[in-house]
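Just below is one structure, and these are the notes that go with it.
The values are calculated or read from the model by the stated rules, or taken from the named source; none is laboratory data. The shown structure was predicted, so the numbers you read here are calculated from the model rather than taken from an experiment. Cβ: placed from backbone, ideal geometry, glycine included. Neighbour counts: every protein chain shown.
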Amino acid sequence: MLEAAGVSSTDGVYDLGSGDGRTPILASKIYGAGGIGVEINPELVTKSRERARKADVSDHVEFGRATFSEQTSAT
């Protein structure tokens, strides 16, 4: 998917429903892109952050917990 999208080091990858964080982590590790993952499950957010640390890309990716309704309630 990342290859098909032509991701490069000048891109930012946003992953809604990021699960264990593999897409933003791979985007950073392989292509040098930045990334943000949003996940509803706080355990998966913790796991994603740990995986990013182990992959040495914590300074290029971020993970947070949110739901769609939390993001749109302010509008």
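Odds and ends about this structure:
- Selection from region 13-39 of residues that are out of contact with any helix residue (DSSP H, G or I) (no Cβ under 9 Å at 6 or more places or on another chain) and under 17 Å from ALA66 (Cβ atoms): GLY17
- Filtered residue count, region 54-75, keeping only those that are modelled with pLDDT of 90 or more and exposed (fewer than 12 other Cβ atoms within 10 Å of the Cβ): 3
- Qualifying residue in region 2-12 (condition: touching a residue at least 24 places away in the same chain (Cβ under 8 Å), in a loop (DSSP other than H, G, I, E, B) and exposed (fewer than 12 other Cβ atoms within 10 Å of the Cβ)): yes
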